[in-house]
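One structure is given here, and the rest of the page talks about it.
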Amino acid sequence: MNTLFDTARLGRHTLSNRVAMAPMTRSRALPDGVPGPLSATYYAQRASVGLVVTEGTQPSDDGQGYLTTPGIYTDAHVAGWKPTIDAVHAQGSRIFVQLMHVGRMSHPDNTPHHRTPVAPSAIAPGDAMFTMSGMQDIPVPRALSTEEVRQTVDDFRHAARRAIEAGADGVEIHGANGYLVQQFLATSANHRIDGYGGPIENRARFAIEVARAIADEIGAERTAIRLSPGVTLGGIDEGPESRDLYRYLVAELAKLDLAYLHLMHLGDDDLLRTIRGLWPNTLVVNRPGRTRDAFGSDVAQGLADVESYAQAVLANPDFVERIRRGAALNDPRREFFYGGAAEGYTDYPTLSETVPA
C-alpha cells in the first residue's frame, strides 16, 4: 500500500512524494503576461510537493480570460517563467505549466487585443467576470471557424514548445472547469455541425488533437491533461452522455501514452474506478474540499498515484511536512486569492516560523 510520502514515477521523472500542487489562478502577472516579481518565491516556497502544476497560463491572446494572468507564447513570457521554473527545480520538485485557453469565459476588456471571446459556438455562458471597470456580463462569443479550430490546436503546440524552452518539465492541458477544451465536450456549449460537433467522437476531437499535437511537439512523456467530468462551472452541461463521453475520451487519450491524467473528482466513484482502469500511466486525483482525515486515501486505495491539493498548499508552503507531522494547517485567506502583492501570496508562515525551535 502506497502513502503520500512514497516516490512515484511520472513520465521520465521520479517524484519525491505523491503530493501535487494543483493549478490555481492568482492574477499577479504583469500586464503583458510575464509572471510577476514574486512568482519564483511563491512557487519555490511550495516546492516540497513532488509535482507543481502552475496556474492556468494562456497559449495565445485569444486564450486570456481574466485580468493579469500569465502567458507562455512570447519571448518575454519564456524569459519571465525561467526564474520560477529554476527556483522550483532548485527545491527538487518537478513543474508542469498548465496551458489554459478559456474560450468563452472571457471579456474583451481583459485581453491584449480587446476582441470578442471565441468558443465552439456563439453561446454565452450566462456568467459575469471581473474587469478593471468592475463586474461585467460575459458577452456572446464568436464561433471559431473550422480553420481557426486547427489554428488554436497549433497555438497550444507553440505554447508547449515555449514552456519547454523556459525549462518546464512538461505541460498540462486544461481540459476542465468550463474552459475551451471542455466547451467542445459539452452539448450546452457546442452546437457545431462540422467534425468538432455532434456525436461524442466529434466533440472529443479537439481535446485529442490538442494532446496529440503537443505530444508530437515535445514528447508524450512531457504532456498531460486535466479533466473534470460532471463539472457545471461556466454554464457547462455535458448532458446524459457524460459518462460515455469520458470513457471514450480517456480511452483515446490513453493511446497517446501521456505522462499523466489529472482528474478533478466530484464524487462519481464508479466513473473514477472506470477511468483508473482505462488509464495506463500516472493518475493524479484532486477532490475539492478533501478533509484532513481523507488525505492519502485515494493513493492508499490505488484509485490515484498522486493526490493534488489546491487551497491547502496555497496556505501552507510546507504542506508536506505539516501532514507528515500531523501539524495544524494555516487557513487560506480568500480575500487575497486574486491580485495584489505579497500579502496572502508569499507571507503564509511555515512551521519553523510559527513554532519555537
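The values are calculated or read from the model by the stated rules, or taken from the named source; none is laboratory data. Model, not experiment: these values are computed from the prediction. Please note: Cβ atoms are built from the backbone with ideal geometry, for glycine as well, and neighbour counts cover all protein chains shown.
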### Query
Does region 41-91 hold any residues that are farther than 21 Å from Gly339 by Cβ and of a type in the set (Lys, Arg), and which are they?
Lys82
### Message
Name the single residue that is nearest to Phe156 (Cα to Cα) among those in region 178-190 being under 17 Å from the mean Cα position of the chain (by Cα) and part of a loop (DSSP other than H, G, I, E, B).
### Response
Tyr179
### Query
Between residues in region 32-48 that are within 19 Å of Ala310 (Cα to Cα) and touching a residue at least 24 places away in the same chain (Cβ under 8 Å) and residues that are acidic (Asp, Glu) and in a loop (DSSP other than H, G, I, E, B), which pairs lie under 7 Å by C-beta distance while being six or more apart or on different chains?
Ser48/Asp318
### Message
With the structure loaded, tell me whether Ile173 is surrounded by 23 or more Cβ atoms within 10 Å (Cβ to Cβ) and either of a type outside the set (A, V, I, L, M, F, W, C) or modelled with pLDDT of 95 or more (or both) or whether it fails that test.
### Response
yes
#### Entry: Positions within region 150-172 being under 16 Å from Ala224 (Cβ atoms) and either in a helix (DSSP H, G or I) or touching a helix residue (DSSP H, G or I) at 6+ places or on another chain (Cβ under 6 Å) (or both), in sequence order
Phe156, Arg157, Ala159, Ala160, Arg161, Ala163, Ile164, Ala168, Gly170, Val171
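Within region 196-205, how many residues turn out to be loosely packed, with under 14 Cβ neighbours inside 10 Å and without any contact (Cβ under 8 Å) to a residue 12 or more places away in the chain?
Summing the residues that are loosely packed, with under 14 Cβ neighbours inside 10 Å and without any contact (Cβ under 8 Å) to a residue 12 or more places away in the chain in region 196-205 gives 1.
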### Task
Give the number of residues within region 100-144 that are under 15 Å from Thr68 (Cα atoms) and either part of a loop (DSSP other than H, G, I, E, B) or within 21 Å of the chain's Cα centre (by Cα) (or both).
15
### Message
Looking at region 1-14, I want the residues that are farther than 18 Å from Phe319 by Cα and have a partner that is surrounded by fewer than 16 Cβ atoms within 10 Å (Cβ to Cβ) and charged (D, E, K, R) with Cβ atoms under 8 Å, at least 6 apart or on another chain. Which pairs are those?
### Response
none
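Residues checked against (1) buried (at least 24 other Cβ atoms within 10 Å of the Cβ); (2) in contact with a Phe, Trp or Tyr (Cβ under 9 Å, 6 or more places away or on another chain); (3) free of Cβ contacts under 8 Å to residues at least 40 places away in the same chain; (4) of a type in the set (Val, Ile, Thr):
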site: Tyr73; (1), (2), (3), (4): no, no, no, no
site: Thr84; (1), (2), (3), (4): yes, yes, no, yes
site: Ala87; (1), (2), (3), (4): no, yes, no, no
site: His101; (1), (2), (3), (4): yes, yes, no, no
site: Thr111; (1), (2), (3), (4): no, no, no, yes
site: Arg115; (1), (2), (3), (4): no, no, no, no
### Query
Are any residues in region 99-133 more than 15 Å from Ser27 (Cβ to Cβ) and of a type in the set (Gly, Ala, Ser), and if so, which ones?
Gly103, Ala119, Ser121, Ala122, Ala124, Gly126, Ala128, Ser133
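Scan region 76-99 for residues that are in contact with a strand residue (DSSP E or B) (Cβ under 6 Å, 6 or more places away or on another chain) and either more than 25 Å from Ala259 (Cα to Cα) or not in a helix (DSSP H, G or I) (or both) and jot them down. Write out each step before concluding.
Going residue by residue through region 76-99, those that are in contact with a strand residue (DSSP E or B) (Cβ under 6 Å, 6 or more places away or on another chain) are 77, 85, 88, 93-99.
Selection gives Ser93, Arg94, Ile95, Phe96, Val97, Gln98, Leu99.
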### Query
Mind checking which residues of region 341-354 are out of contact with any helix residue (DSSP H, G or I) (no Cβ under 8 Å at 6 or more places or on another chain), part of a loop (DSSP other than H, G, I, E, B) and without any contact (Cβ under 8 Å) to a residue 12 or more places away in the chain?
Asp347
#### Entry: When residues of region 298-340 are limited to those that are among the charged types (D, E, K, R) and part of a loop (DSSP other than H, G, I, E, B), the one surrounded by the most Cβ atoms within 10 Å (Cβ to Cβ)
Asp305
### Task
Pairs only if they're at least six apart or on different chains, beta carbon under 6 angstrom, first in region 229-241 and touching a residue at least 12 places away in the same chain (Cβ under 8 Å) and of a type outside the set (Asp, Glu), second exposed (fewer than 14 other Cβ atoms within 10 Å of the Cβ) and assigned to a loop (DSSP other than H, G, I, E, B); list them, first residue then second.
Gly235/Gly126
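State yes or no: is Asp137 surrounded by fewer than 19 Cβ atoms within 10 Å (Cβ to Cβ), out of contact with any His (no Cβ under 9 Å at 6 or more places or on another chain) and modelled with pLDDT of 95 or more? Before you say what the answer is, go through the steps one by one.
Working: surrounded by fewer than 19 Cβ atoms within 10 Å (Cβ to Cβ): yes; out of contact with any His (no Cβ under 9 Å at 6 or more places or on another chain): no; modelled with pLDDT of 95 or more: yes.
No: the conditions fail for Asp137.
Can you name the residue in region 255-295 that is in contact with a His (Cβ under 6 Å, 6 or more places away or on another chain) and buried (at least 22 other Cβ atoms within 10 Å of the Cβ) and is also farthest from Asp331 (Cα to Cα) among such residues? Explain how you work it out, then say what you get.
At the first step, the residues of region 255-295 found to be in contact with a His (Cβ under 6 Å, 6 or more places away or on another chain) are 272, 284-285, 287.
Narrowing further to those that are buried (at least 22 other Cβ atoms within 10 Å of the Cβ): 284-285.
Numbers: Val284: 24, Val285: 22 Å.
Here the answer is Val284.
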#### Entry: Sole residue being hydrophobic (A, V, I, L, M, F, W, C), surrounded by fewer than 22 Cβ atoms within 10 Å (Cβ to Cβ), modelled with pLDDT of 95 or more and outside any helix (DSSP H, G or I), chosen from Ile208, Ile225, Ile193
Ile193
